[in-house]
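This report refers to the structure that appears directly beneath it.
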Amino acid sequence: MNINRFAYFACALSLALLACVFVWPSPAQERAQVAITVDDLPSHGDLPSPMKRSDVAKSMIATFKAKGVPAVYGFVNAKNIAGDEDKADVLKIWVNAGFPLGNHTFSHIDINTATPEAFEAEIAGNEPTLQALMGSKDWHWLRYPFLHEGDTLEKRHAVRTYLHEHGYKVAQVTLDFGDYAWNVPYARCAEKHDTPGMEWLKSSYLATAADSFALDRKLSAMLFGRDIKYVLLMHIGGFDSVMLPELLDLMKKEGFDFVTLPDAEKDPAYESDPDASLTHGGTLLEQLIESKHMKYPPVPERPMQKLDALCR
Ligand SMILES: [Zn+2]
């Protein structure tokens, strides 16, 4: 091969390689499915004036619809309505928007401090409200308050048997970033018009969400070798309603597509039962890691102390 031919050959090869680099498919971004659920209807945490409970519900529903999130379950504590018309409206607004309601016990009882009978009475005590608003639609989903499922095996089994006999499914959680903790500081900062405080609340809320989603996906990979269909726990709080558009954008960017709760919980992962007495409960993924005595990956710290001290 003379030198010209060699140069020609080398050039052709380089161009071919370059072309490959440009047209070779980049690894597809991993997408995952998630159902969003909202706890503590009709009210969670403090609100800054003049925000009303019905404003929070309307705002969250409008955002869910605008961002294409289907049929978000709202978990109810009917005791908190307490004759308050605005709070009663929250449940009506939710159902009229085509969103379903589920059972979160009448007064948000902690199973760790109750007998199984008292806990079951709290489930039953919530039912007239759910029945009146939901009729024949499926409201037989229980979200355990505090994600506590029983600090003894006897309690856990007794309540699970009750749920099974009464046609309930457990609305398990597999994504959680402690969103509740931002609502009360937000009410304080908003009342004081504390702009730096508000900015920090926004950035820390989104950063904590992103860190927590990454951790929960890691736990899912450790337990199931894949992304399961996730269920995100949120609350009907003032700051949650403010941050929801940005949170949903973040979730889309992080690779999440939105599905309904019944769809997500069809994933066989939700047939796993840790079947352990876990005082601190937690998400299904956390319970499984703990009950299997698996080593927890490093957990990013949440800024609970700063949240507690902010805008005092
Ligand atoms: Zn709750």
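The values are calculated or read from the model by the stated rules, or taken from the named source; none is laboratory data. Computed from a prediction, not measured in an experiment: that's the story for all the values here. A quick note on method: Cβ atoms are made from the backbone with ideal geometry, for glycine too, and the neighbour counts reach across all protein chains shown. What goes into the accessible areas is simple: the full protein's heavy atoms, side chains included, and nothing from ligands, DNA or RNA. Shrake-Rupley method; radii C 1.70, N 1.55, O 1.52, S 1.80 Å.
Some observations on this one:
- Checking each residue in the stretch 151-162 for being surrounded by fewer than 19 Cβ atoms within 10 Å (Cβ to Cβ) and of a type in the set (A, V, I, L, M, F, W, C) picks out Leu153, Ala158.
- Flag if Lys202 is open to solvent by 50 Å² or more (accessible area, probe 1.4 Å), outside any helix (DSSP H, G or I) and away from the ligand (no atom under 16 Å from the Cβ): no
- Per the listing Ala124, Ala190, the residue uniquely of a type in the set (Gly, Ala, Ser), modelled with pLDDT of 95 or more and within 19 Å of His104 (Cβ to Cβ) is Ala124.
- Against the test of being in contact with a Leu (Cβ under 6 Å, 6 or more places away or on another chain) and at negative phi, the options Lys87, Lys92, Lys67, Lys79 yield a single qualifying residue, Lys67.
- Selected residue [aromatic (Phe, Trp, Tyr) and either more than 22 Å from Asn77 (Cβ to Cβ) or at pLDDT below 95 (or both)] from Trp200, Trp182: Trp200
- For the stretch 167-199, the tally of residues that are under 30 Å from Ser220 (Cβ atoms) and not in a helix (DSSP H, G or I) stands at 12.
- Condition check for Tyr180: under 19 Å from Arg302 (Cβ atoms) and open to solvent by 30 Å² or more (accessible area, probe 1.4 Å): yes
The rows are residues; the columns are (1) open to solvent by 100 Å² or more (accessible area, probe 1.4 Å); (2) at pLDDT 55 or above.
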| site | (1), (2) |
| --- | --- |
| Arg5 | yes, yes |
| Leu17 | yes, no |
| Met51 | no, yes |
| Ser59 | no, yes |
| Val69 | no, yes |
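- Residue in the stretch 163-181 that is at positive phi and more than 14 Å from the ligand (Cβ to nearest atom) present: yes
- So Ala132, is it assigned to a helix (DSSP H, G or I), farther than 19 Å from Ile81 by Cα, free of Cβ contacts under 8 Å to residues at least 24 places away in the same chain and of a type outside the set (Phe, Trp, Tyr): no
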